[in-house]
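One structure below.
The values are calculated or read from the model by the stated rules, or taken from the named source; none is laboratory data. Because the structure is predicted, anything quoted here is derived from the model rather than measured. So basically every Cβ, Gly included, is an ideal-geometry build from the backbone, and we count neighbours across all protein chains shown. These accessible areas exclude ligands, DNA and RNA; they are computed on the full protein's heavy atoms, side chains included. Shrake-Rupley method; radii C 1.70, N 1.55, O 1.52, S 1.80 Å.
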Amino acid sequence: LVLNTIGISTKELTFWEKILFLVRLIPLCEANYNLMELGGNGIGKTKTYSMFSPECEIVQEMLVTEIIYNRQSKEKGLLATKDVIVFDEVNKIKLDGDKEKIIPQLLNFMSDGQTAAPRKVISRASLVFSGNVMGIQERLEKNEKNIFDTPHKFEDNAFLDRIHFFLPAWGLRRYSRNIHGLGLSKDVFRFDYFSKALSLLREEDYSKILDDRGYVIKGSSDSEREVKAIRKTVSGLIKLTHPDKEIDDFTLGAYIAIAIKGRGLVNKFLNNKNKRNVNKIDIEIIRIDYNNKGEAEEISVPVNEMLKHFIELDHSDE
């Protein structure tokens, strides 16, 4: 229903493709969500967001006056006026001279949701970094440290560590009639209703469901951003498929695994840069349960097994 509403037929999609299309929508319903999506052209990386105007703005430049605040005109930037800012073709955005001044403020915002200069701005806007970059899968397999063809600020450690989900768009098929047109259900949400519903959901935090169900994401002292990323991705996925919060534990476990995989790609590049060459998140998922005596017990949650089973249920070989 959700994907048909944005013009995507699911009849020929694998389970993983459906999930990636859903993840694209998370910035629209989850506040302060940082998503990076890189892959080939023709797979609709920015088309999804252009449909949601005026909630979204697609930009191809990094200007303090446009993004944060314009001192001369005294006008607020996009952070204060939009739900989602999409930086298109990030690998081609030049950050020299005055434009480079935005980087420290952008990093602050991606971490804390606020900027300090040229004016303090507190915002719930989500950021999407999109680009046509080929050969990423091969770079991952070869443990290369660079994402783009040439070095760029958007592949620095400080920037990547603030990304909540790295969407591997090379796993999506190009636009075609089979996926974008044929087989679409006529039962869809009215688009003005749907876009407004997603915008209103940004005011809520569905990650509290994890706490209510006794799930604990345990990590080391330096894995705080990983835990935050996982919680925000799970929150967004629940909003998109279970807005009434009536989600079963099996699906919830699969969503945790999906969130781990999306953040795991971020870690893969970070580890490659640090020459560790491992694709691992230093966290453990446990669930607090109570035995017959009323005593709390920690139970390890095999989230990857839930995800594998979920994919098998979809009759897919992916």
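Under a crude label model (7 Å from the Cα following the beta-carbon direction), how far is ASN70 from PHE189 in nanometres?
Simple spin-label model gives 3.3 nm for this pair.
Can you tell me the order of 290-299, 49-58, 36-45, 160-169 when each peptide is scored by its average per-residue count of other Cβ atoms within 10 angstrom, highest first?
Working: 290-299: 8.7, 49-58: 17.0, 36-45: 20.0, 160-169: 22.8.
Order by mean packing, descending: 160-169, 36-45, 49-58, 290-299.
Ordered by residue, what ³J(HN,Hα) values in Hz, to whole numbers, does the stretch 19-33 give under the Karplus form 6.51 cos²θ - 1.76 cosθ + 1.60, where θ = phi - 60° and Gly and Pro are x?
Working through the residues one at a time gives 4, 5, 5, 5, 4, 4, 8, 4, x, 6, 10, 10, 5, 6, 9 Hz.
Taking the alpha-carbon distance from LYS308 and a cut-off under 16 Å, which lysines remain once sequence neighbours fewer than 8 residues away in the same chain are dropped?
Excluding near neighbours in sequence, the set is LYS18, LYS261.
Place +1 on the Cβ of every Lys and Arg and -1 on the Cβ of every Asp and Glu in the chain, take the dipole about the Cα centre, and give the residue among ILE238, PHE154, THR48 whose Cα lies farthest towards its positive end.
PHE154
Per-residue counts of other Cβ atoms within 10 Å, averaged by peptide: what ranking do you get for 115-122, 236-243, 72-79, highest first?
Listed from highest to lowest mean packing, they are 236-243, 115-122, 72-79.
Would you mind putting 21-27, 130-136, 145-151 in packing order, based on average other-beta-carbon counts within 10 Å, highest first?
21-27, 130-136, 145-151
Extending each Cα 7 Å along its Cβ direction at LYS145 and ASP289, get the distance between those two points in nm, one decimal.
Simple spin-label model gives 4.5 nm for this pair.
Going by amide H atoms built from the backbone, whose H comes under 5 Å of the H on GLU37, apart from near neighbours?
Here the answer is PHE129, SER130, GLY131, LEU167, since their amide H atoms fall under 5 Å of that of GLU37.
Would you look at the GNM of the chain, springs on alpha carbons closer than 10 Å, and say which of ARG173, ARG139, ARG190 moves the most?
So, out of ARG173, ARG139, ARG190, the one fluctuating most is ARG190.
Which whole-number percent of Cα pairs in the chain have a distance greater than 27 Å?
44 percent
Could you please put TRP170, TRP16 in sequence from largest to smallest accessible area, using a 1.4 Å probe?
Sorted descending by solvent-accessible area, the residues read TRP170, TRP16.
Give the calculated FRET efficiency between GLU246 and TRP170 to the nearest 0.05, with a Förster radius of 35 Å applied to their Cβ-Cβ distance. Could you put the intermediate results ahead of the total?
Working: r = 34 Å, r/R0 = 0.98.
For R0 = 35 Å, the calculated efficiency reads 0.55.
Cut-off under 17 Å on the C-alpha distance; same-chain residues fewer than 8 positions from LYS120 excluded. Which aspartates and glutamates are left, in chain and number order?
Within reach: GLU66, GLU75, ASP112.
Taking a ≥ b ≥ c as the square roots of the Cα gyration tensor eigenvalues, with a/c under 1.5 meaning rounded and otherwise prolate when a/b beats b/c, else oblate, which class fits the stretch 95-168?
prolate
Residue-wise, which Karplus ³J(HN,Hα) couplings in Hz belong to the stretch 83-93, taking 6.51 cos²θ - 1.76 cosθ + 1.60, θ = phi - 60°, and x for glycine or proline?
In residue order, the calculated couplings are 6, 9, 10, 9, 8, 7, 6, 4, 5, 10, 6 Hz.
List every residue whose amide H lies under 5 Å from the amide H of SER126, counting only residues 5 or more places away in sequence or on a different chain, with H placed 1.01 Å from N in the peptide plane.
Those lying under 5 Å, H to H, from SER126 are ASN32, TYR33, VAL84, ILE85.
Could you run the Karplus curve 6.51 cos²θ - 1.76 cosθ + 1.60 with θ = phi - 60° over the stretch 156-161 and give me ³J(HN,Hα) per residue in whole Hz, x for Gly and Pro?
Ordered by residue, 3J(HN,Hα) equals 5, 4, 4, 6, 4, 5 Hz.
Once you wrap a convex hull around the alpha carbon atoms of the stretch 1-160, what is its projected area averaged over all directions, in nm²?
10.2 nm²
Just name one of ILE93, GLN105, GLY77: the one whose Cα is farthest towards the positive end of the charge dipole of the stretch 73-115 (beta-carbon charges, Lys/Arg +1, Asp/Glu -1).
Most positive-ward Cα: GLY77.
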